Amino acid sequence: KMAATGISVTDEVAAKFNDIKLGKVKAQFVVYKIEGPNIVADICSESSNFEDLMAAFPENDCRYAVYDCDFTTNDGRPANKIVQITWVPDTAKVKSKMVYAGSKDALSRVFVGVATKITATDMSELTEEICLDACKKFA
């Protein structure tokens, strides 16, 4: 669970993700940040308002998130997928962008079963519609 960057994903992050996936913890989204040598949970929210998720991303720094997305498939079935989001704004410092990019795989290995991934460099690339479209693509 360590990235080539030397950043580690804590056991707590892995355990909480599994609890969310299994429905033991009610969370619509969790935002993660790199703090020292670890990726840690920063914000955990039950809000189903997509605007709240977007507001959780800092304007000038990178973050990761998982978003529990409820949607309707193109043929009308209710469905649910967890989306992994990497927020790498153009305005972030180069070092931060490099560390987040280099540490993403370590987090992906912990988020077992998450096939839907979005990387956004500005808010126009991170909309509810983009998330829903990404989920529907493989539903």
(request) Please specify each residue of the range 87-119 satisfying the condition of being touching a residue at least 40 places away in the same chain (Cβ under 8 Å), surrounded by 16 or more Cβ atoms within 10 Å (Cβ to Cβ) and not hydroxyl-bearing (Ser, Thr, Tyr). (result) Val99, Lys104, Ala106, Leu107, Val110, Phe111, Val114
(message) Restricting to the range 59-101, and then to whatever is basic (Lys, Arg) and under 17 Å from the mean Cα position of the chain (by Cα), can you tell me which residue is farthest from Cys135 (Cα to Cα)?
(response) Lys97
(request) Could you tell me whether the range 51-64 includes any residue that is open to solvent by less than 50 Å² (accessible area, probe 1.4 Å), among the polar types (S, T, N, Q) and without any contact (Cβ under 8 Å) to a residue 60 or more places away in the chain? (result) no
(request) Quick one: which residue in Ala65, Ala79 is out of contact with any Lys or Arg (no Cβ under 8 Å at 6 or more places or on another chain) and at pLDDT 95 or above? (result) Ala65
(request) Evaluate the range 109-123: report whether one residue or more is over 23 Å from Val9 (Cα atoms) and either small (Gly, Ala, Ser) or part of a loop (DSSP other than H, G, I, E, B) (or both). (result) yes
(message) Please go through the range 1-30 and give me each residue that is among the aliphatic types (A, V, I, L, M) and open to solvent by less than 90 Å² (accessible area, probe 1.4 Å), ordered by number.
(response) Ala3, Ile7, Val9, Val13, Ala14, Ala15, Ile20, Val25, Ala27, Val30
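The values are calculated or read from the model by the stated rules, or taken from the named source; none is laboratory data. The model shown is predicted, which means the values in this text are computed figures rather than measured ones. Note that we place each Cβ from the backbone using ideal geometry, even for glycine, and neighbour counts take in every protein chain shown. Note: areas computed on protein heavy atoms with side chains; ligands, DNA, RNA excluded. Shrake-Rupley method; radii C 1.70, N 1.55, O 1.52, S 1.80 Å.
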